[in-house]
Each structure stands twice: as C-alpha cells, then as structure tokens.
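The structure appears right after this line, and notes come after that.
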Amino acid sequence: MSFWEKGYLATGLAVLVAGSGYFAIVWKQSLALGSLAPPNWILFSAYLVVLMALSGVSFLLLGRAEARSDDGPEVGDFDERDRLIRMKSLSATSHVLSLGVYVPLVWFLFHQSGDLLFHSLIGGLVLAEATMCFLHVFNYNRAY
Amino acid sequence: MSFREQSAWAMMAILTVGGLWYFNKVRAASVALGETAPPIMPFVIAYIVLIVIASIVAMSVLGMASPEAANAPADERERQADSRAGDLSGYVLGAGVIIGLLHYPLHMDGNMLYHIGFASLMLSQIAEYGLRIWYYRTGS
C-alpha cells in the first residue's frame, strides 16, 4: 500500500469519525431540546478542527513511518499514476457532491426548515469527502 | 471550433441566461416581500424546464450542423479535459456550500441558505463548461 493510499484511507476514516461525532452531538442536543438543534458555531468549528487535526496527524505519522521503512521513491512523491487517480477520483466525487447538495435542496422545498437544511448539507459534504478518500483507495487498487 | 467546444459554449450560455432569469425573479420577490423570498416551486420548475428545452434545442441544432462530430466519441484529450473540468467545478460547488453554511448561523435565514446552495450548483455547472472550453483551447 502506497503512502498516498494509506493517507487517503486514514483521512476517509477521520472524515467518518468526525462526521459521526458531529451528528451524534446534534442528535443528543435535539433529543434534549425536543426539536432539531439549531446550528452551533462552536460545534461546527470543533468538527472542522477535529477533522483537520485527524487527517493532518494521520498523514504526518504515515509520512514518518514511510520515511523510516521505505527505500524507494521520496515519501510524498506524486507520480503520473497518482495524478491520473486523483483526477478520476475528484471527477467522480463532484457528482457525489452535487447529489449531496441537490437532495437537501429538494428536501427543503417540503420541510422549509433552515436548521435541517444546514445539517443535511453538512451530511452531504461529509459523504462527498469520505467518498473522495475511498475512491482514491479504490482507484489505487485498480490497474491504471 | 470542435463540436464539443461549441456544445460547451451553448450550455454555458443557456445556464448563465437561465440562472440570471431565476435570480432576477427571486430578487424581485424578495424586494416585494421585504425579506429573502422562500424557494418558489413554479420558478424552480420553470428554470429546470427552460434549461432542458434550451439544451435539447441547442444540441439538436449543433448535431444537425455536424452529425459526424456529434456521434463521434470523445478522444483521450477531451476526456481528460472533461475530467479536470469536473474536478475543479466540484471545488466551486464545495466553496459555495461552505459560504452558505458559514452565513447561516449568523443570519439564521434558511431561504438564503437554499438560494446560496442553488446558486453554487448553477455556478459550478457554468464553471465546468467554462473550464472545458479553457482546457480544449489551451490543451493543458
């Protein structure tokens, strides 16, 4: 498994962990309130910080581990195959992201709740980000 | 100019005109209401129908003008250009949605969040066709 493959796998997991944590807290707050919890700046910022910290730390740790064990190319080198995989993965991700935005927008026409639209758009972003990471891993395992 | 570039120009023009028409209606409704207008179903449906009909007409006219080019599959360079344009347009959409998400907790205006999300979708589509044209022309 290459450095980038491991990195994307770790980031994908980090996105899912941070996203699940965010929605678990929103769920608890909503139960306590008896209605859908409104967006909270502190929670949203905490989610972003945790996400960046988890993905940053995973790439850093992986980079250190690879630097100690790998005699091959420089760690973090981005070759032609990496570029092709990145392009294919991001192109497919843009469709997932579009769907992750379309669905909440259409749903909003029926429920008219800004809070629900906010949370569902975050769900769409989490889904797209995780898909992007796992598509990278999937494409790395295909013979390009 | 290749068939695909002509199609991209046509789609970009249609989406721009459709988007301007839609948001002009939303702006007028918001001014009349004195606050951000909620999404108005007839406008949304009219926008989608307008885009679909205009796209079919434009593609039919372009296809009749050069039937061989219209039926030819995309070559490797065009596939790469389409892929890169799709990739970058995703960033436009993502950035627009994040702006909407940052705006919402400050103003608690769900209708505005909807319109920002809808505008982001439109802009990302326009950007995708614009980037395709750019890559077809520059070959990068």
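The values are calculated or read from the model by the stated rules, or taken from the named source; none is laboratory data. Remember, predicted model here, so these are calculated numbers, not experimental data. FYI the Cβ positions are ideal-geometry reconstructions off the backbone, even for glycines, and counts take in every protein chain you see. Surface accessibility is based on the protein's heavy atoms, side chains included, excluding ligands, DNA and RNA. Shrake-Rupley method; radii C 1.70, N 1.55, O 1.52, S 1.80 Å.
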Out of (1) surrounded by 14 or more Cβ atoms within 10 Å (Cβ to Cβ); (2) closer than 15 Å to B:Asn111 by Cα; (3) hydrophobic (A, V, I, L, M, F, W, C); (4) more than 14 Å from chain A (Cβ to nearest Cβ), the odd one out for B:Ala28 is which?
-> (1)
Residue check, B:Met112 open to solvent by 10 Å² or more (accessible area, probe 1.4 Å) and more than 12 Å from A:Ser98 (Cα to Cα) = yes
Can you find a residue in segment B:62-71 that is modelled with pLDDT of 90 or more, loosely packed, with under 15 Cβ neighbours inside 10 Å and more than 9 Å from every other protein chain (Cβ to nearest Cβ)?
-> no
How many residues, within segment A:47-65, are in contact (Cβ under 8 Å) with a residue 24 or more places away in the chain and small (Gly, Ala, Ser)?
-> 3
Looking only at residues in segment B:80-104 that are open to solvent by 20 Å² or more (accessible area, probe 1.4 Å) and more than 21 Å from the chain's Cα centre (by Cα), which one is nearest to the other protein chains (Cβ to nearest Cβ)?
-> B:Leu102
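Search segment B:105-140 for residues being hydroxyl-bearing (Ser, Thr, Tyr) and over 26 Å from A:Trp41 (Cα atoms), and hand back the single one that is nearest to the other protein chains (Cβ to nearest Cβ). Show your work before the answer.
First, pick out the residues of segment B:105-140 that are hydroxyl-bearing (Ser, Thr, Tyr): B:114, B:120, B:124, B:129, B:135-136, B:138, B:140.
Among the residues that remain, those that are also over 26 Å from A:Trp41 (Cα atoms) are: B:124, B:129, B:135-136, B:138, B:140.
Numbers: B:Ser124: 7, B:Tyr129: 13, B:Tyr135: 12, B:Tyr136: 16, B:Thr138: 16, B:Ser140: 13 Å.
So the residue we want is B:Ser124.
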Considering only segment A:121-137, how many residues are open to solvent by 10 Å² or more (accessible area, probe 1.4 Å), away from every other protein chain (no Cβ under 11 Å) and hydrophobic (A, V, I, L, M, F, W, C)?
-> 5
What are the residues in segment A:74-101 that are in a helix (DSSP H, G or I), more than 7 Å from chain B (Cβ to nearest Cβ) and not small (Gly, Ala, Ser), if any?
-> A:Glu80, A:Arg81, A:Asp82, A:Arg83, A:Leu84, A:Ile85, A:Arg86, A:His95, A:Val96, A:Leu99
Please state which of the following conditions B:Arg77 fails to meet, knowing it meets all the rest: (1) of a type outside the set (Asp, Glu); (2) closer than 30 Å to A:Glu129 by Cβ; (3) open to solvent by less than 50 Å² (accessible area, probe 1.4 Å).
-> (3)
Conditions (1) closer than 30 Å to A:Leu121 by Cβ; (2) of a type in the set (Gly, Ala, Ser); (3) over 16 Å from the mean Cα position of the chain (by Cα); number of the one not met by B:Ala54 = (3)
